[in-house]
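Scroll down for the structure; my scribbles are underneath it.
The values are calculated or read from the model by the stated rules, or taken from the named source; none is laboratory data. Just so we're clear, the structure is a prediction, and the values are computed from it rather than from any experiment. Every residue, glycine among them, receives a Cβ derived from its backbone with ideal geometry; neighbour counts consider all protein chains shown. The accessibility values were calculated without ligands, DNA or RNA, using every heavy atom of the protein model including side chains. Shrake-Rupley method; radii C 1.70, N 1.55, O 1.52, S 1.80 Å.
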Amino acid sequence: MFLLVTLIGPAPFAVAEGDEAELAKALVRLSPIVVPDAERESVRDALGRDLRTALRRAGDESRAANQAVRSRKDCDAYRSARVRNLRQALLRFPETPNAVRTFVTGRIEADGYAIENLVYENRPGGWVTANLYRPAKMQAASPGILLSHSHHAPKHEGELQDMGATWARAGCYVLVPDHLGHGERGQHGFRSADDFAREFRLGRQDYYFRYDSSIELYLAGESLLGSLAWDLMRGVDVLLAQRGIDASRIILLGSVAGGGDPCAAAAALDDRIACAVPFNFGGPQPETRYPLPDDAETWFDYAGSASWESTRNLAFSARPGKTCLPWEIVAAIAPRRLVYGHEFAWDGERDPVWRRLERVWELHDARSNLAFAHGRGRLSGSPPEASHCNNIGPIHRERIHEAFATWFGIRATEFRQRRSAGDLVAMTAAAKEQTKPRLLHELLAASTDAALAAARRERDEMSAPELRRRLRAQLAELLGEVSASPVRIAAAESAPAGANSSDVVIERVRLATERDLVVPLVVLHKSQRAGVRNSAVLCLTQSGKAGFFENRTADLARLVRAGCIVCLPDIRDTGETAGDASRGQFSTSTERAASGLMVGDPLVAQQLRDARTVLAYLRSRDDVDPARIAVWGASFAGTNARDANLRVPRRIEGRPADAEPLGGMLALLLALYDDEIAAVSVDRGLASFRGVLDGPFVYVPLQSVVPGMLLRADLCDIAAALAPRPLMLCRLVDAQNRALEVPDALRAHERTAKAYVREKAGEELAIAADASAADWLVDQLK
């Protein structure tokens, strides 16, 4: 007897009944494509369009709210709401200290000023390296200036030295700290070209590794922009502690290329800052079309577009009803003094943000507190026609000097006396011994471990059903909306079954989910008599249905032969709905993940909604037994060897592979939110997100990160909540994407094992280094 594999498109295959190997070979030749050629590009870009629309909607909401502001009272209410939204978007801050511990580690006497190399504590165990330029002669009341450097270079960069010396000679204290991850506060350890065997972009690693720091901070419930702004606010504390400082004249400048972002955020949050000078933040960017169009008010993208840079694309800044868009952050500085800065030529007449800022300051009756500074040329140009700079160049400082003289009586003459980076080192050997500074991942590991332990102690007192309800609620606070969409079949095709009742059918279906998004999926099953309900397996992975066809055809054949209905969907940003094949730092997928965070809808939450919609679709089928549906979450990403060198620069060929947590993570979450799922198999899934904080090199993609997750739960907590349902964890990997042996996997899932024992279901938990998911699933679904 032969089994007929029916296809939509190519010719069918005749396969001997019972011969799984032949069926597997036939499946290899099947095309997993569901979307017609003419619609493929549209479906691939649907998620990107949807997110861009959401960001534009946030801009429209902001515009409408701003137009409703008609008075000083309205301005105050608008500002209060935006500052509140900003605090929420920046996530957690450390506790504000009563006093900031500061140690001076060196001093340089110079011409009319002095430089103190110092360190100050930003949180217990965390230290900021900085240079304090101070006047040679004490004055009765000296202004304090704080410089937020760009991502081009840290505190020793020449333009920063010029500004420090110039304003110190004019009687000001000038504090220039290293941002987190930059200069002496670098996390990656690459300080010279000799620090890695191959050629790499040494000068850009501090910038590139912002991606790693952002992911670590998100997992710990913090944000990079929040951390940078926090350090600047602690810098204000340092300035205010100086003898003779004038507390009414504290000024914060933010350089081009990322320095303006934390400058604006810190100034919006901290009323002690009397004046802010953020460059390239809030309005048109160097990349923005120049000159602006006449309809710039409606054309301009106020929320911005997303990328891996989390300070420029602030998570949760474009949430419906809770916006804190860049221009709103800048406007929140009113009615204090503001210099609106642009690195290149500025189209002031058409700049819609400038018009809004003018209106805000006018409503405060403080228009004289508003000024601007700009350069010349365009980003695409070259010096001297274009005023490229590393931080804030001489041409930009001309108008700043004018504003400072008018507002604060600071009369400065440009002065230049540059020193080597070595002269400006603050964290000396003696300082290290005294302060014992810890790297970011060490600080975050300590704080998250404490928070997670507290959350677990609370849940440990609960019964299994109570625990599941509590964990669902806690994760829903982080994920947002996770409900399924109504089941709507946009299109479906199925080849007629063969004459034999054992024939195999492939169905190609498109489920409509939210707005114009669709989930293409393939269903494989034996032809059955009407009225017969079968078990089903929902297969989830980042590479989509094609990943299973390319890597697990033998398992698919085993499931089909056993009578299972096998469903293989491409939930959003996977398979046919993915923007590109990469999930790396500079990929389309990362842009989508960042956009999702901006609108307050993490990509994992979106994908969970899709998975729940597919599950609802399966349950709606006449041939599926709703009580016998299992979920198989898998990864087909290559793993790193146990002895692989993981201390590798970014943007270099041959970098170690990232883990791919999506399939296993979604399988666990799906079962957490659905008690009716019969069994769960996780194949090559991530063992723990906590392992990301074991070092500064991150090998987990942004797409799978849920901000604040490690304050509430790790993957083992979700797995433990599934007890007593059957669960198999096979071929798990650590956060560095290295295969775990069973003892290591057991240690990572000790809480899972204890939960199953507590529920008297130890035999329902399988942790294996190598096993057949298909065989295990068939056994569970009998």
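Things to note:
- The range 668-685: number of residues that are open to solvent by less than 10 Å² (accessible area, probe 1.4 Å) and either touching an Asp or Glu at 6+ places or on another chain (Cβ under 9 Å) or of a type in the set (D, E, K, R) (or both): 3
- Odd one out for residue 493, checked against (1) part of a strand (DSSP E or B); (2) closer than 30 Å to residue 675 by Cα: (2)
- Residue tally, condition open to solvent by 70 Å² or more (accessible area, probe 1.4 Å) and assigned to a helix (DSSP H, G or I), over the range 61-76: 3
Every residue, every condition in (1) at pLDDT below 95; (2) open to solvent by less than 60 Å² (accessible area, probe 1.4 Å); (3) of a type in the set (D, E, K, R), yes or no:
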site: 325; (1), (2), (3): no, yes, no
site: 343; (1), (2), (3): no, yes, yes
site: 359; (1), (2), (3): no, no, yes
site: 362; (1), (2), (3): no, no, yes
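- Residues (surrounded by 17 or more Cβ atoms within 10 Å (Cβ to Cβ) and either in a strand (DSSP E or B) or out of contact with any strand residue (DSSP E or B) (no Cβ under 8 Å at 6 or more places or on another chain) (or both)) located in the range 94-109: 102, 103, 105
- Residues being in a loop (DSSP other than H, G, I, E, B) and either free of Cβ contacts under 8 Å to residues at least 60 places away in the same chain or open to solvent by less than 30 Å² (accessible area, probe 1.4 Å) (or both) - total across the range 393-411: 3
- The set of residues from the range 711-770 being under 23 Å from residue 469 (Cα atoms) and either among the aromatic types (Phe, Trp, Tyr) or in contact with a Lys or Arg (Cβ under 6 Å, 6 or more places away or on another chain) (or both) comprises 714, 716, 720, 721, 756.
- For the residues 650, 655, the requirement of being open to solvent by 10 Å² or more (accessible area, probe 1.4 Å), in contact with a Gly (Cβ under 9 Å, 6 or more places away or on another chain) and not in a helix (DSSP H, G or I) singles out 655.
- In the range 253-267, the residues that are among the hydrophobic types (A, V, I, L, M, F, W, C) and either in contact with a His (Cβ under 9 Å, 6 or more places away or on another chain) or surrounded by fewer than 24 Cβ atoms within 10 Å (Cβ to Cβ) (or both): 256, 257
- Sole residue being modelled with pLDDT of 95 or more, touching a Gly at 6+ places or on another chain (Cβ under 6 Å), assigned to a loop (DSSP other than H, G, I, E, B) and open to solvent by 10 Å² or more (accessible area, probe 1.4 Å), chosen from 91, 180: 91
- All positions within the range 718-737 that are over 24 Å from residue 476 (Cα atoms) and open to solvent by 30 Å² or more (accessible area, probe 1.4 Å): 731
- Annotation note: of 740, 746, the sole residue that is open to solvent by 20 Å² or more (accessible area, probe 1.4 Å), touching a residue at least 24 places away in the same chain (Cβ under 8 Å) and under 30 Å from residue 444 (Cα atoms) is 740.
- Test: residue in the range 319-331 that is part of a loop (DSSP other than H, G, I, E, B) and aromatic (Phe, Trp, Tyr): no
- Any helices (runs of 4 or more DSSP H) falling wholly within the range 413-485 and containing at least 2 residues that are open to solvent by 30 Å² or more (accessible area, probe 1.4 Å) and closer than 28 Å to residue 607 by Cα: 440-460, 464-479
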